[in-house]
1. Sort through N626, N637 and tell me the only one that's open to solvent by less than 40 Å² (accessible area, probe 1.4 Å) and within 30 Å of the chain's Cα centre (by Cα).
2. List pairs: first in region 382-403 and among the hydroxyl-bearing types (S, T, Y), second modelled with pLDDT of 95 or more and surrounded by fewer than 24 Cβ atoms within 10 Å (Cβ to Cβ), Cβ under 7 Å, 6+ apart or cross-chain?
3. If I filter region 327-376 down to residues being crowded, with 19+ Cβ neighbours inside 10 Å and charged (D, E, K, R), which single residue comes out as nearest to H634 (Cα to Cα)?
4. Take region 73-126 and flag every residue that is in contact with a Leu (Cβ under 8 Å, 6 or more places away or on another chain), assigned to a loop (DSSP other than H, G, I, E, B) and surrounded by fewer than 21 Cβ atoms within 10 Å (Cβ to Cβ).
5. Would you point out which residue out of P258, P210 is in a loop (DSSP other than H, G, I, E, B), in contact with a Gly (Cβ under 7 Å, 6 or more places away or on another chain) and modelled with pLDDT of 95 or more?
6. Inspect all residues belonging to region 288-297 and state whether any of them is touching a strand residue (DSSP E or B) at 6+ places or on another chain (Cβ under 8 Å) and of a type in the set (S, T, N, Q).
7. Tell me the residue from K178, K143, K196 that is in a loop (DSSP other than H, G, I, E, B) and either of a type in the set (D, E, K, R) or over 18 Å from M76 (Cβ atoms) (or both), please.
Amino acid sequence: MCGIAGILMMNHQASALTQALEHMSWAMRSRGPDGEGYTLLGPDGNLVECFGDTSLMSSRAGKREIGSTKDLPWIMGLAHRRLAIIDLSPDGHQPMQDESSRYQIVFNGEIYNYKELRGVLINSGVKFKSKSDTEVVLQAFIKWGAKCLDRFNGDFAIAIWDNQKRNLFCARDRIGIKPLYYSLSKTSFLFGSDIKTLLASGLIEAKPDPVGLPLAMTFGISPRPKTAFENIFALEQGHWKTISEDGTCRKEQYWQVPTNSRNPNMRAETAIELSEHHIKNAIQRRLIADVPVSTFMSGGIDSTLVTSIASEFSPGITAFTLGFDSSNDELNEVDEAADTAKMCNVNHIIETVTPESCLGNINTWVDGYEEPFFHLAANHVISSVVKKHKHKVALNGLGGDEVFAGYEYFGRIRQWEKLRKLSFASSLFSLSKNRTIQRITNVINSKNACEFHTSVFRNYFDDDIGFIFTNEFLGSKPFIAKNIMHDLYASKAEFQDSIDALVYMDLMNYVGNHHVHRVDQFLMMNSIEGRFPLLDHELIEAAATIPSNVLMKNRVKKWVLRQIAQDRISPKCLAMKKKGFGLPLSQWMRGPLKNMVDSSLDALEQRPGINSEGIRALRIRYVKNNLRDTGLWHLVNLELWFQRFIDSDTTKIFGRS
């Protein structure tokens with residue numbers, strides 16, 4: 001929906017922070033092309049509302065131009081960029097304040113049950129001046145405090161300044177769909193909708209973190225709250241945090257991915273009915289908007305099911321599909337998507353992808369990922385298509401594989417449970433230098449299902465990290481990824497069985513870190529709001545009660561979702577082997593990207609902190625087909641990341657010129 005940012009100076013030390021705040025706002029301008037606003041707090045305790053160059057004329061009355069405040073000292077500043085989805089009028093302008101001016105809010109996201117909450121608040125005597133969900137969030141916080149979060153069904157990142165308590169309240173939705181990053185020092189607290197926003201301020205130096213960056217190379221993104229940057233963190237999903245003017249901080253978790261709640265007596269028919277009820281509710285909620293809502297539709301089960309049900313509530317809804325030429329049939333799902341489109345009342349738009357239409361965006365993709373990643377950015381491509389057709393909102397099928405056990409490793413977990421009991425099974429492979437065999441050995445040696453997930457999910461092993469970075473960069477503490485993952489996630493939950501553990505780890509590490517991060521980044525680069533009905537928290541809570549033997553009935557992955565989909569989508573979709581949503585990395589690395597690959601790796605070998613001999617060894621391994629394409633591309637992206645984020649002046653790149 002929007003971009004939000006702010007700066008709070010510590011210990012009453014006022015500073016001329018306006019220019020930094022403008023840079024932060026500029027960095028997130030694509031997140032909100034429909035409006036721009038600021039609130040500043042002076043040393044005298046007075047609040048000043050400001051407008052910027054792109055602020056609507058109707059929202060400027062009684063406010064100062066932000067540039068006129070740049071030489072004045074301020075204690076706190078909030079910035080907002082608006083993508084207007086609900087209540088398109090100036091009444092939805094942010095930052096928004098209550099009638100008393102005690103509370104100031106910047107809000108990113110949507111509250112899908114805001115109309116119901118609005119009714120409850122009106123019945124209690126609250127008066128509203130707008131029809132926006134932002135005002136509902138503000139009034140709910142005033143009435144219920146942090147407990148208001150328990151009442152929200154939605155995707156959100158929130159920051160509310162209390163001018164009486166002199167503290168900032170920040171919160172993030174249960175799944176982490178909307179991002180919120182921050183940096184805390186002795187002098188200031190900064191927050192923003194992405195890492196680029198913080199770096200654009202000029203108040204933070206971009207430095208690689210000796211734990212976060214190796215984690216990013218292990219998994220493709222550093223598991224939150226860590227990032228690849230020193231002293232930049234993500235507020236964890238399902239958490240809120242308060243920061244006082246004196247530097248006092250408090251953080252609490254208000255929701256956790258449910259585990260150990262599967263009902264062994266639930267019948268398969270009940271599981272289907274329960275899931276279908278919540279899926280339909282979640283989709284219907286996410287069609288609420290004052291602008292047209294569209295869908296992303298690959299040929300896979302999840303997105304075609306979402307599109308099919310959405311068309312029942314919104315006949316004629318537009319569905320977007322990426323297609324590839326005949327040389328990339330392994331990625332093409334156009335036929336399956338087209339067959340489903342014929343079964344539904346949708347306006348189906350297919351866009352064919354070519355290297356020429358994509359590869360000029362490499363730097364844009366590096367900026368979007370914000371950490372070294374091992375693939376190309378299909379989400380940027382599809383969202384560019386949506387933008388071209390002037391849509392602002394798109395439903396996405398993300399969550400089906402994670403919530404309903406759809407990935408290949410769900411089908412392998414029983415084999416692992418048997419093999420791990422046979423000590424000779426791993427010893428047979430222990431001396432092999434083949435990375436595929438070593439990967440299998442690593443998986444077999446996993447002590448529990450969470451370690452199994454970490455072993456399957458990782459792109460590089462712990463010993464590979466020593467090939468990439470020097471000991472001086474890594475420090476003296478051993479890098480053991482499975483221990484870090486245990487401390488971050490697995491240690492905080494109890495599991496009924498291995499399937500229960502895998503679903504939890506998928507939602508915490510795969511969805512909560514990977515998927516929502518990159519989808520948000522690349523959709524918002526094109527000013528598109530993504531909505532994820534299969535990640536509705538009420539659906540997740542309901543699905544968490546389904547016994548594992550029903551989730552994978554007859555060893556069929558995603559069995560429950562398949563039953564719901566079978567009369568709604570093409571049989572081709574149900575029969576198709578899972579392809580995943582991506583771009584042809586392997587082919588392009590050997591073709592139009594080859595020179596970039598070679599030159600980037602040559603440059604990487606020369607970097608301080610990088611193990612040049614190790615990088616050469618990994619390149620040789622790749623030539624011998626003992627390193628996957630994603631592994632080598634990850635190294636390329638490491639170099640490109642250094643160039644864009646560490647070597648460059650990030651204020652000049654991301655801030656206002």
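1. Working: N626 fails: within 30 Å of the chain's Cα centre (by Cα).
Unique residue meeting the criteria: N637.
2. Short answer, once both residue conditions are applied: S383/N526; S384/N526.
3. Out of the qualifying residues, it is E371.
4. Within region 73-126, D98, S101 meet the criteria.
5. Numbers: P258 fails: in contact with a Gly (Cβ under 7 Å, 6 or more places away or on another chain).
From the options P258, P210, the qualifying one is P210.
6. Yes, region 288-297 has at least one match.
7. Values: K143 fails: in a loop (DSSP other than H, G, I, E, B); K196 fails: in a loop (DSSP other than H, G, I, E, B).
After applying the criteria, what remains is K178.
Conditions (1) over 30 Å from V293 (Cα atoms); (2) free of Cβ contacts under 8 Å to residues at least 60 places away in the same chain, marked per residue:
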{"site": "S68", "(1), (2)": "yes, yes"}
{"site": "W74", "(1), (2)": "yes, no"}
{"site": "G77", "(1), (2)": "yes, no"}
{"site": "H80", "(1), (2)": "no, no"}
{"site": "L83", "(1), (2)": "no, no"}
{"site": "L88", "(1), (2)": "no, no"}
{"site": "Q94", "(1), (2)": "no, no"}
{"site": "Q97", "(1), (2)": "no, yes"}
{"site": "S101", "(1), (2)": "yes, no"}
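The values are calculated or read from the model by the stated rules, or taken from the named source; none is laboratory data. Every value quoted in this text rests on a predicted model; they were computed, and no experiment measured them. Methodologically, a virtual Cβ is constructed for each residue, glycine included, from the backbone with ideal geometry; neighbour enumeration extends over all protein chains shown. Ligands, DNA and RNA are excluded from the accessible area calculation, which covers all protein heavy atoms including side chains. Shrake-Rupley method; radii C 1.70, N 1.55, O 1.52, S 1.80 Å.
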